[in-house]
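Just below is one structure, and these are the notes that go with it.
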Amino acid sequence: MSKLKRSASTALVVTMLAGPAALATASPASAANYHCKTSSYTVDDPSYTGPESDNWDFDVRLCAKRSGGYIYTTAKVNWDGPYAAKQRSSLTFNKARFHLQTKKSTAGTDPVVKYANYNGLERALEHSSTHGNGSYETGTLKTKTSGRYQYLADGYIELDWSGDGTGYRTPLLFSASPRV
């Protein structure tokens, strides 16, 4: 009987120790269904002429997944901005946004079936770390699907630099997600 109690106690301790660790490392089942692609773009701040570097290096991860008759698309933006940007952060942009699109994959140009502009990118850029780095995640677009088509996430960044007087410049384009 004591051997049975010891085995049960050992099993309980192992379960208690493994339980929190398993929960801490487990990701949501739906996260595994996303198909993502990351691409990069470097842009020069046209309004800054100081002696320090003024390039912004952007990495954008565009993701799409199919679940329960819907397509979900989302994006995450990471950047390595110039150190000087932190000292003049509120003066860098008039506006900045991420334009996220859900597209239906077809022959020729893929038509946009849903989109959203995420203007919170400006605030995130202007509140970069002390080294000019940061990240921003868009919301998720949910689109009803037609079962016979594949879909993908696409998107771009639009920046309106302070002091250059031109409004939004040419969009910074990134690679679309894989089709789902």
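The values are calculated or read from the model by the stated rules, or taken from the named source; none is laboratory data. Owing to the predicted nature of the structure, the values given are computational and were not obtained by experimental measurement. Cβ placement follows ideal geometry from the backbone for every residue including glycine, while neighbour counts extend to all protein chains displayed. Note: accessible area is taken over every heavy atom of the protein model, side chains too, but ligands, DNA and RNA are not part of it. Shrake-Rupley method; radii C 1.70, N 1.55, O 1.52, S 1.80 Å.
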Pair list, Cβ under 6 Å, 6 or more apart: segment 92-111 residue closer than 18 Å to GLU137 by Cβ, other residue of a type in the set (A, V, I, L, M, F, W, C) and modelled with pLDDT under 95: ALA96/LEU125
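Can you tell me which residues in segment 73-89 are modelled with pLDDT of 90 or more and open to solvent by less than 50 Å² (accessible area, probe 1.4 Å)?
The initial filter retains those residues of segment 73-89 that are modelled with pLDDT of 90 or more, namely 73-80.
Result: THR73, THR74, ALA75, VAL77, TRP79.
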Given (1) closer than 16 Å to TYR156 by Cβ; (2) polar (S, T, N, Q); (3) crowded, with 17+ Cβ neighbours inside 10 Å, number of the condition THR92 does not satisfy: (1)
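Mind checking which strands (runs of 3 or more DSSP E) fall wholly inside segment 122-180 and carry at least 1 residues that are over 15 Å from ALA64 (Cα atoms) and touching a residue at least 24 places away in the same chain (Cβ under 8 Å)? Steps first, answer last, please.
Details: elements: 133-137, 141-144, 150-161.
Here the list reads 133-137, 150-161.
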Enumeration of residues in segment 145-180 that are among the basic types (Lys, Arg) and surrounded by 18 or more Cβ atoms within 10 Å (Cβ to Cβ): none
Any hit, segment 154-176, residues being of a type in the set (S, T, N, Q), modelled with pLDDT of 95 or more and within 14 Å of the chain's Cα centre (by Cα): yes
Residues (surrounded by 13 or more Cβ atoms within 10 Å (Cβ to Cβ), touching a Lys or Arg at 6+ places or on another chain (Cβ under 6 Å) and assigned to a strand (DSSP E or B)) located in segment 105-116: SER105, VAL113
Search result, residues across segment 129-142 that are open to solvent by less than 50 Å² (accessible area, probe 1.4 Å), small (Gly, Ala, Ser) and within 16 Å of the chain's Cα centre (by Cα): GLY134, GLY139
